[in-house]
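Visitor: Sharing a structure below in structure tokens format, with a few things to ask.
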Amino acid sequence: MNIIGPELLIFGVDDVQACRQFALDYGLTASGDNRFVALDGTGIEVYAADDESLAAPLSTGSAIRKTVYGVKSQADIDAIKAELSKDREVTTLDDGSIEAFDDLGFLLGFMITQRKSLELEAEKVNAPGAVAQRGVNLTAVNKDDVGVPRSLSHVVYFVPDFPKAEAFYRDRLGFVTTDRFTHVGPFMRPAGTTDHHTLFFIQTPPHMQGIEHFTFHMGGPTDVMTAGTNMVNKGYQSFWGPGRHIFGSNWFWYFKSPFGCNMEFDADMDLHDDSWTAREAPPGADNSQVFLLQYREKWAPMGPPPPGAGGKPREAP
Amino acid sequence: MPDGIMLCALDELSNGALGFDPFNDGRDTVFAVFRNGEVYAYSDVCPHYGDTSLPWKKNAYLDSRGEHIVCAAHGALFTIDEGYCVSGPCRGESLTPVPVTVKNNTVWLITSPTGENKK
């Protein structure tokens, strides 16, 4: 199953106008009334929480109403439908996409990807001992530069039973665990991408189930800094960052948002293939950030697993 | 002797909530909400982490209907009159109240004799 990664995240929110403005200031582009997209066309859709076109929310009231994955071809759609139809209802929508619930109650969609292939350069760096990436007389920064989100990167869920979640995405959808935090959850990538993760689970009590954050890939660390600085200058409040993660190596900067979750900028994530062996580390500041320019002691909320849920799955790497 | 630290004129609270920096921390550490003739004030710290401020932008402490205090990090909802979390990660926990009083149409943070309001 060539699932590439998240294509669209669909939200039902309390304050639509605030979310629209936030999305624009974050650097996304409006595409129709409800959709806001990155340069490759992946993005988010924003509706009022009581919009009748949306599926019912999780009992926790989390604003995430649907996570839509892009796949390579109709054959992938057919394969996913065949697999999930074994034990649940799979609905084919008018646009040809399919939808079904995962084992934790998150609504998923699968569509043939419409993302544009981008032909852009990554941030270039010069260093003694290395061939110059950026040639003479080429300046790296401009005071007015603001990084633009390039592609929807990953989504993170609070889940009451991460082994159950991990098993579903691994066994039913072909995701691979690239790394994990002990007793917290796995970082996972689908088969159609080499990104370190497009999905991460955080074990929490059941009343927290929902979206923890989502993020878009930027062109490099400087883009993360300029986009984040632009947010600060517009009055938005940082939650965590800027800094650089260890698992995935991605640069990060998180902002609180009117979406009821954090919204991140990330850049320069590690790439992995099937020859990679997943690492495991205890959670905490020491293992979640190489450095942080504004230090935070706690990096993610956690809670005990429900009875019978703890530990990684037997089959897990 | 002053009654405490002046936060704002009562009129300024009429549209909802405001954040304040009464101890000169360089960021808002206290916020106040006017509701049903009363002023309620709390430390601007979500009990979920214990070190995160609530709003996604300055003064954005309430939901769109003005019914609940919101923490924008993960959407926790708190009652305005008690600061009690009714939904979200810190459900069952409470914001830390800050004593305030209204005199001459001015909202004052009461400076406690024991110094618990002070840094």
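The values are calculated or read from the model by the stated rules, or taken from the named source; none is laboratory data. Source: prediction; values computed, not measured. Glycine also receives a Cβ, built like all others from the backbone with ideal geometry; neighbour counts cover every protein chain displayed. For accessibility, only protein heavy atoms count, side chains too; no ligands or nucleic acids. Shrake-Rupley method; radii C 1.70, N 1.55, O 1.52, S 1.80 Å.
Visitor: Only residues that are touching a residue at least 24 places away in the same chain (Cβ under 8 Å) and open to solvent by 10 Å² or more (accessible area, probe 1.4 Å): list them for the stretch B:50-59, please.
Guide: So the first thing to find is which residues in the stretch B:50-59 are touching a residue at least 24 places away in the same chain (Cβ under 8 Å), and the list is B:53, B:55, B:58-59.
Answer for the stretch B:50-59, where residues must be touching a residue at least 24 places away in the same chain (Cβ under 8 Å) and open to solvent by 10 Å² or more (accessible area, probe 1.4 Å): B:S53, B:K58, B:N59.
Visitor: Just to be sure, is A:A167 loosely packed, with under 13 Cβ neighbours inside 10 Å and more than 26 Å from A:F36 (Cβ to Cβ)?
Guide: Details: loosely packed, with under 13 Cβ neighbours inside 10 Å: no; more than 26 Å from A:F36 (Cβ to Cβ): yes.
In short, no.
Visitor: Go through the residues of the stretch A:33-50 one by one and say whether even a single one is open to solvent by 30 Å² or more (accessible area, probe 1.4 Å), modelled with pLDDT under 95 and touching a Leu at 6+ places or on another chain (Cβ under 8 Å).
Guide: Taking the stretch A:33-50 and keeping what is open to solvent by 30 Å² or more (accessible area, probe 1.4 Å), we get A:33-35, A:39, A:47-50.
Adding the requirement that they be modelled with pLDDT under 95 leaves A:33.
With touching a Leu at 6+ places or on another chain (Cβ under 8 Å) added as a condition, the list becomes none.
Scanning the stretch A:33-50 turns up no residue that is open to solvent by 30 Å² or more (accessible area, probe 1.4 Å), modelled with pLDDT under 95 and touching a Leu at 6+ places or on another chain (Cβ under 8 Å).
Visitor: Kindly establish whether B:R35 is within 14 Å of another protein chain (Cβ to nearest Cβ), basic (K, R) and surrounded by fewer than 20 Cβ atoms within 10 Å (Cβ to Cβ). Explain how you work it out, then say what you get.
Guide: Working: within 14 Å of another protein chain (Cβ to nearest Cβ): no; basic (K, R): yes; surrounded by fewer than 20 Cβ atoms within 10 Å (Cβ to Cβ): yes.
Here the answer is no, as B:R35 does not meet what is asked.
Visitor: While we're on this one: Counting only residues that are modelled with pLDDT under 95 and of a type in the set (D, E, K, R), which one in the stretch A:221-255 is farthest from the chain's Cα centre (by Cα)?
Guide: A:K234
Visitor: A further question follows. Read through the list (1) surrounded by fewer than 17 Cβ atoms within 10 Å (Cβ to Cβ); (2) aromatic (F, W, Y); (3) within 14 Å of chain A (Cβ to nearest Cβ), then give the number of the only condition that B:F23 fails.
Guide: For B:F23, the failing item is (3).
Visitor: Can you spot a residue in the stretch A:61-83 that is open to solvent by less than 30 Å² (accessible area, probe 1.4 Å), part of a loop (DSSP other than H, G, I, E, B) and within 14 Å of chain B (Cβ to nearest Cβ)? Before the answer, list the steps.
Guide: Pass one, the stretch A:61-83, residues open to solvent by less than 30 Å² (accessible area, probe 1.4 Å): A:62-71, A:76-77, A:80.
This time we only want the ones that are part of a loop (DSSP other than H, G, I, E, B), so: A:62-63.
Imposing the further condition that a residue be within 14 Å of chain B (Cβ to nearest Cβ) reduces the set to A:62-63.
Among the residues of the stretch A:61-83, at least one is open to solvent by less than 30 Å² (accessible area, probe 1.4 Å), part of a loop (DSSP other than H, G, I, E, B) and within 14 Å of chain B (Cβ to nearest Cβ), which makes the answer yes.
Visitor: State the number of residues belonging to the stretch B:108-119 that are within 16 Å of the chain's Cα centre (by Cα) and either modelled with pLDDT of 75 or more or open to solvent by less than 30 Å² (accessible area, probe 1.4 Å) (or both).
Guide: 5
Let's see how each residue does on (1) under 23 Å from A:V13 (Cβ atoms); (2) out of contact with any His (no Cβ under 8 Å at 6 or more places or on another chain):
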| residue | (1), (2) |
| --- | --- |
| B:I5 | no, yes |
| B:E38 | no, yes |
| B:V45 | no, yes |
| B:H48 | yes, no |
| B:D63 | yes, yes |
| B:C90 | yes, no |
| B:T96 | no, yes |
| B:V107 | no, yes |
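Visitor: Anything in the stretch B:41-92 that is more than 10 Å from chain A (Cβ to nearest Cβ), in a loop (DSSP other than H, G, I, E, B) and in contact with a Cys (Cβ under 7 Å, 6 or more places away or on another chain)? List them, or say none.
Guide: Once the filter is applied, which keeps residues that are more than 10 Å from chain A (Cβ to nearest Cβ), in a loop (DSSP other than H, G, I, E, B) and in contact with a Cys (Cβ under 7 Å, 6 or more places away or on another chain), the stretch B:41-92 yields only B:P47.
Visitor: Can you tell me which residues in the stretch B:63-107 are under 17 Å from B:G16 (Cα atoms), among the hydrophobic types (A, V, I, L, M, F, W, C), without any contact (Cβ under 8 Å) to a residue 60 or more places away in the chain and open to solvent by 40 Å² or more (accessible area, probe 1.4 Å)?
Guide: B:L77
Visitor: Any residue at all in the stretch A:104-116 that is of a type in the set (D, E, K, R) and open to solvent by 80 Å² or more (accessible area, probe 1.4 Å)?
Guide: Kept after step one, since they are of a type in the set (D, E, K, R), are these residues of the stretch A:104-116: A:115-116.
Narrowing further to those that are open to solvent by 80 Å² or more (accessible area, probe 1.4 Å): A:116.
Yes, the stretch A:104-116 contains at least one residue that is of a type in the set (D, E, K, R) and open to solvent by 80 Å² or more (accessible area, probe 1.4 Å).
Visitor: Just to be sure I understand, how many residues within the stretch A:229-275 are open to solvent by 10 Å² or more (accessible area, probe 1.4 Å) and of a type in the set (K, R)?
Guide: 2
Visitor: Determine if the stretch B:7-16 includes at least one residue that is over 18 Å from A:F259 (Cβ atoms), within 14 Å of another protein chain (Cβ to nearest Cβ) and part of a loop (DSSP other than H, G, I, E, B).
Guide: Yes, the stretch B:7-16 contains at least one residue that is over 18 Å from A:F259 (Cβ atoms), within 14 Å of another protein chain (Cβ to nearest Cβ) and part of a loop (DSSP other than H, G, I, E, B).
Visitor: Then there is this: Return a yes/no flag: does the stretch A:152-159 have any residue that is open to solvent by 10 Å² or more (accessible area, probe 1.4 Å), under 27 Å from B:S87 (Cβ atoms) and within 14 Å of another protein chain (Cβ to nearest Cβ).
Guide: Filtering the stretch A:152-159 for residues open to solvent by 10 Å² or more (accessible area, probe 1.4 Å) gives none.
No, the stretch A:152-159 contains no residue that is open to solvent by 10 Å² or more (accessible area, probe 1.4 Å), under 27 Å from B:S87 (Cβ atoms) and within 14 Å of another protein chain (Cβ to nearest Cβ).
Visitor: For the list (1) within 20 Å of A:L104 (Cα to Cα); (2) in contact (Cβ under 8 Å) with a residue 24 or more places away in the chain, I need the number of the one condition that A:T193 fails.
Guide: Checking A:T193 against (1) within 20 Å of A:L104 (Cα to Cα); (2) in contact (Cβ under 8 Å) with a residue 24 or more places away in the chain, the one that fails is (1).
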